[in-house]
Amino acid sequence: QWPITYGGQSASERNYAYIPSAGNIWDAAKRKGLTYRSYGEYAARVSDGTTFDNSPNAPGLAGHVAPHYKRMGARDTANAAEFIREFDEYEKNYESKDPNKRLPNFMVMALSENHTNGTRPGSYTPVAMVASNDLAVGLIVERISHSKYWPETAIFIIEDDAQDGPDHVDAHRTAGLVISPYVKREKVDSTMYSTSSMLRTMELLLGLPPMSQYDAAATPMYLTFGDKADATPYNHLEAQVDLNAKNTARAWGARESKKMDFDDVDRNAPFVLNEIIWRSVKGADSRMPLPVHSYQFK
């Protein structure tokens, strides 16, 4: 998928060639008889005003998508509230013998505000949208960690397309979070993991086999976990910035942002949007650092 878009082709030019032959992790979960649910990931709707209960690019998610969780066009805090509403029902059914009434074994969630709307006039500022994303994560972790499901839960969080956001640190890195009673508290694990490492760790916890050579060869995140549980729950921190701050027509990049398509993620030129976000946060006169390439091939 991404080599196609990196080549300059638009989302409309993508095709089914990039769908993995072994399916996705939820397909592997289905083969093992596990329950699963998607909150926003690969979710789609037939038309404006309808629920997000379709998944044309991920057939395995059909019937497993949270319909009132909005993939795009909603605050992440609102989506967190929708997830918590469903989670409350799962906790009421904690003792149920029906696996479809209990918390699914595997869940995938997209919190999309981190992508921002650039500096499009009238849209929330990049700082406000990222802060909403942070608060949503805090609210979700707080609710789960205060529940009966907490002792047997692991939450993995990673940025979308983290390889495409250069700053003062190598663009081939990102922050990855793992949250669980069995995770070592207040520890930074600097092992050279990859996104496949995170996927492989999930597979091991769920008892799933690797789906390709990439996750089979990936380093599991063993050092992140300990052998003793600390079930102390988390409490969220309130945002320290104005979540309702909006861009003005005078913001740097406002004119370019008005031309961009924010109806879905990854529809705009990454470098252009990255620079708009950078200057919005660091100042209009600040220069975004360029990627440094160690090797050049001709």
Is there a residue in the range 105-112 that is in contact with a helix residue (DSSP H, G or I) (Cβ under 6 Å, 6 or more places away or on another chain) and closer than 27 Å to Asp242 by Cα? yes
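Just a yes or no: is a residue in the range 237-250 out of contact with any strand residue (DSSP E or B) (no Cβ under 8 Å at 6 or more places or on another chain), farther than 25 Å from Pro121 by Cβ and either surrounded by 15 or more Cβ atoms within 10 Å (Cβ to Cβ) or not β-branched (Val, Ile, Thr) (or both)? Give the derivation first.
Going residue by residue through the range 237-250, those that are out of contact with any strand residue (DSSP E or B) (no Cβ under 8 Å at 6 or more places or on another chain) are 237-242, 248-250.
Next, from what is left, pick out any that are farther than 25 Å from Pro121 by Cβ: 237-238.
Still in the running and either surrounded by 15 or more Cβ atoms within 10 Å (Cβ to Cβ) or not β-branched (Val, Ile, Thr) (or both): 237-238.
Yes.
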Subset of the range 74-93 [touching a helix residue (DSSP H, G or I) at 6+ places or on another chain (Cβ under 9 Å) and either among the hydrophobic types (A, V, I, L, M, F, W, C) or assigned to a loop (DSSP other than H, G, I, E, B) (or both)]: Ala74, Arg75, Ala78, Ala80, Ala81, Phe83, Ile84, Phe87
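Does Asp189 satisfy the criteria of being without any contact (Cβ under 8 Å) to a residue 60 or more places away in the chain and exposed (fewer than 13 other Cβ atoms within 10 Å of the Cβ)?
On the way: without any contact (Cβ under 8 Å) to a residue 60 or more places away in the chain: yes; exposed (fewer than 13 other Cβ atoms within 10 Å of the Cβ): no.
So Asp189 fails the test.
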Being touching a Lys or Arg at 6+ places or on another chain (Cβ under 9 Å), in a loop (DSSP other than H, G, I, E, B) and either of a type outside the set (S, T, N, Q) or surrounded by 15 or more Cβ atoms within 10 Å (Cβ to Cβ) (or both) is the filter here; which residues of the range 213-235 pass it? Ala218, Pro220, Met221, Gly226, Asp230
Within the range 62-71, count every residue that is in contact with a helix residue (DSSP H, G or I) (Cβ under 6 Å, 6 or more places away or on another chain) and either over 26 Å from Leu237 (Cα atoms) or surrounded by fewer than 18 Cβ atoms within 10 Å (Cβ to Cβ) (or both). 1
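Under 23 Å from Gly73 (Cβ atoms), of a type in the set (Gly, Ala, Ser) and modelled with pLDDT under 95 - does that describe any residue in the range 264-276?
yes
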Name the residues in the range 196-212 that are assigned to a helix (DSSP H, G or I) and hydroxyl-bearing (Ser, Thr, Tyr), would you? Ser196, Ser197, Thr201
If you check Arg120 against the conditions, is it within 25 Å of Asp264 (Cβ to Cβ), modelled with pLDDT of 95 or more and of a type in the set (D, E, K, R)? yes
Sole residue being among the small types (Gly, Ala, Ser) and either touching a strand residue (DSSP E or B) at 6+ places or on another chain (Cβ under 8 Å) or modelled with pLDDT of 95 or more (or both), chosen from Ser294, Ser280: Ser280
Among (1) out of contact with any Asp or Glu (no Cβ under 7 Å at 6 or more places or on another chain); (2) surrounded by 11 or more Cβ atoms within 10 Å (Cβ to Cβ), where does Gly283 come up short? (2)
I'd like the full set of residues that are modelled with pLDDT under 85, in contact with a Phe, Trp or Tyr (Cβ under 9 Å, 6 or more places away or on another chain) and basic (Lys, Arg), limited to the range 1-58. Arg45
Tally up the residues in the range 94-145 that are touching a residue at least 60 places away in the same chain (Cβ under 8 Å) and part of a loop (DSSP other than H, G, I, E, B), please. 14
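The values are calculated or read from the model by the stated rules, or taken from the named source; none is laboratory data. Not measured: the values here are computed from a predicted model. Ideal geometry is used to build each Cβ from the backbone, glycine not excepted, and the neighbour counts take in all protein chains shown.
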